[in-house]
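Engineer: Here it is: the structure, laid out below.
The values are calculated or read from the model by the stated rules, or taken from the named source; none is laboratory data. A quick note: this is a predicted structure, and the numbers were derived from the prediction, not measured. Because the Cβ atoms are built from the backbone with ideal geometry, glycine has one as well, and the counts that use them run over all protein chains shown.
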Amino acid sequence: MIVKNIDEIIGTEDDIDEKNWRSYRLLLKKDGMGFSFHHTIIKEGTETYIWYKNHLEAVYCIRGEGEIEVIEKGDIYPIKSGTLYALDGHEKHYLRATSEMHMMCVFNPPCTGREVHDEDGSYPLLD
Ligand code: 9YT
């Protein structure tokens with residue numbers, strides 16, 4: 001069984017602080033669960049282009065507000081506490097935070113922990 005507290009993640013290599021977001025990676029590939037689980041903070045006022053062409057991702061907002069724009073369809077969905085979105089079609093999207101958003105993110109296949117978005121907004125498949 002695995003038990004962790006975010007206090008054990010903060011300031012370690014599993015705490016990834018990027019310009020638009022900070023991600024506490026609580027479960028990773030090395031944990032052997034078949035998915036990774038991240039607590040991600042999307043910084044207030046940011047817009048991030050994302051395209052997870054190699055991963056499926058589900059995201060559940062527990063704090064803050066913003067929106068997701070699905071680029072190819074042009075649909076825009078508001079996000080607030082209690083909203084879940086699941087990128088079951090590898091959708092290219094913009095994620096915008098009106099206020100600081102706290103998101104619980106699940107990735108399949110699991111992230112290894114080193115991923116940051118590359119130039120096309122995706123994460124590589126790492127082993
Ligand atoms: C919601 C989202 O995809 N944000 C980007 C960071 C990602 N969740 C991560 O690496 O934890």
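Engineer: Give me a count of the residues in region 27-45 that are under 14 Å from the mean Cα position of the chain (by Cα) and either more than 10 Å from the ligand (Cβ to nearest atom) or at positive phi (or both).
Structural biologist: Of the residues in region 27-45, 4 are under 14 Å from the mean Cα position of the chain (by Cα) and either more than 10 Å from the ligand (Cβ to nearest atom) or at positive phi (or both).
Engineer: Only one of these is within 11 Å of the ligand (Cβ to nearest atom) and surrounded by fewer than 17 Cβ atoms within 10 Å (Cβ to Cβ): Asp7, Asp15. Name it. If you could, list the steps in order and put the result at the bottom.
Structural biologist: On the way: Asp7 fails: within 11 Å of the ligand (Cβ to nearest atom).
Answer to the selection: Asp15.
Engineer: Let me ask you something else. Considering each residue of region 25-58, count those that are surrounded by fewer than 20 Cβ atoms within 10 Å (Cβ to Cβ) and assigned to a strand (DSSP E or B), and give that number.
Structural biologist: 10
Engineer: May I ask you to say which residue of Tyr94, Tyr85, Tyr77 is hydroxyl-bearing (Ser, Thr, Tyr), under 19 Å from Lys19 (Cβ atoms) and in a strand (DSSP E or B)?
Structural biologist: The match here is Tyr94.
Engineer: For region 91-99, state whether one or more residues are modelled with pLDDT of 95 or more, of a type in the set (S, T, N, Q) and on the phi < 0 side of the Ramachandran plot.
Structural biologist: yes
Engineer: Something else: Sort out which residues of region 9-46 are at pLDDT below 95, within 24 Å of Tyr77 (Cβ to Cβ) and either in contact with a helix residue (DSSP H, G or I) (Cβ under 8 Å, 6 or more places away or on another chain) or among the acidic types (Asp, Glu) (or both), and write them in order of number.
Structural biologist: Glu18
Engineer: Are any residues in region 97-113 part of a loop (DSSP other than H, G, I, E, B) and either more than 12 Å from the ligand (Cβ to nearest atom) or exposed (fewer than 14 other Cβ atoms within 10 Å of the Cβ) (or both), and if so, which ones?
Structural biologist: Within region 97-113, Thr98, Ser99, Glu100, Pro109 qualify.
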